[in-house]
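The values are calculated or read from the model by the stated rules, or taken from the named source; none is laboratory data. None of these values were measured; they are calculated from a predicted model. Cβ placement follows ideal geometry from the backbone for every residue including glycine, while neighbour counts extend to all protein chains displayed. Areas reflect the complete protein model, heavy atoms only, side chains present, ligands, DNA and RNA absent. Shrake-Rupley method; radii C 1.70, N 1.55, O 1.52, S 1.80 Å.
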Amino acid sequence: MVGYLVKQAKVSNNVIRRLPRYLRKLDELKAAGVDRISSGELGRQMGLTSSQIRQDFSCFGEFGQQGYGYNVTGLRGEIASILGMNRDFSVILVGVGNIGRAMIENFCFEQYGFHLVAAYDVRPEVVGTDISGIRVHDISELPRIFDTSRVDLAVLSVPKLIANKAARELVEHGVKGIWNFTNVELDIAESEAIVENIHFSDSLLALGYYLSEKLDSEAAAAAKNARQ
């Protein structure tokens, strides 16, 4: 296998969004004891074409061998490296409400190469507590961590009304990326920070569309059969 070479200048967002899917599938295959897999079989299991898979991987290098396919463990390592899972990104969480607390208690940042180091909030009843080993600090102490530590990413889960204010403060302190759970489109376009917006409703509404489409199709088929 030829390893991860050089990323092209621009990789499409669609390819990037498929990389975590490949990672999950390869983890499943590895857990099932599969050592190697062809692009055709990988595509069949993922609902993609073999040419699409080869095209996606060609954006980053040549990972397979003709007549052999892909080594599951090796390919998994290459994709993990592309996704930055070996860089030990440092993370803080701002806003320890329902979403923030759930993230601390249930999301395994370390599994994906991110190290959660601290959380921040304004409520006296939360500040000073420990949640699953993570200390919650007063938001006024936020500048201190940037003076003493490297912070790559902030998980933002504050109320909507203060989302932009909090985001701008984080950017001013040098945060490189924001994982945004506020359901607000952040107004920080002038900064170089990378923002990943998470809108839970988007997935639900997309599902609603596909369900509606399915029901309408079934109703149309039933009406057609009734007329015959």
Looking at ILE92, ILE104, which one is more than 21 Å from GLU169 (Cα to Cα), aliphatic (A, V, I, L, M) and surrounded by 13 or more Cβ atoms within 10 Å (Cβ to Cβ)? ILE104
Given (1) in contact (Cβ under 8 Å) with a residue 24 or more places away in the chain; (2) not small (Gly, Ala, Ser); (3) not in a loop (DSSP other than H, G, I, E, B), ASP147 misses just (1)
Would you point out which residue out of ILE99, ILE131, ILE178, ILE104 is in contact with a Phe, Trp or Tyr (Cβ under 7 Å, 6 or more places away or on another chain) and either over 19 Å from GLU196 (Cβ atoms) or in contact (Cβ under 8 Å) with a residue 24 or more places away in the chain (or both)? ILE99
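Conditions tested, residue by residue: (1) buried (at least 16 other Cβ atoms within 10 Å of the Cβ); (2) closer than 27 Å to ASP27 by Cβ; (3) among the aliphatic types (A, V, I, L, M).
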{"site": "ASP121", "(1), (2), (3)": "yes, no, no"}
{"site": "ARG144", "(1), (2), (3)": "no, no, no"}
{"site": "THR148", "(1), (2), (3)": "no, no, no"}
{"site": "ASN180", "(1), (2), (3)": "yes, yes, no"}
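Name the residue, out of VAL195, VAL158, that is of a type in the set (Val, Ile, Thr), open to solvent by less than 60 Å² (accessible area, probe 1.4 Å) and under 18 Å from PHE89 (Cβ atoms). Steps first, please.
Working: VAL158 fails: under 18 Å from PHE89 (Cβ atoms).
Matching residue, one of VAL195, VAL158: VAL195.
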Any chance you could count how many residues in segment 28-75 are in contact with a Lys or Arg (Cβ under 8 Å, 6 or more places away or on another chain), within 24 Å of TYR112 (Cα to Cα), open to solvent by 60 Å² or more (accessible area, probe 1.4 Å) and not β-branched (Val, Ile, Thr)? 2
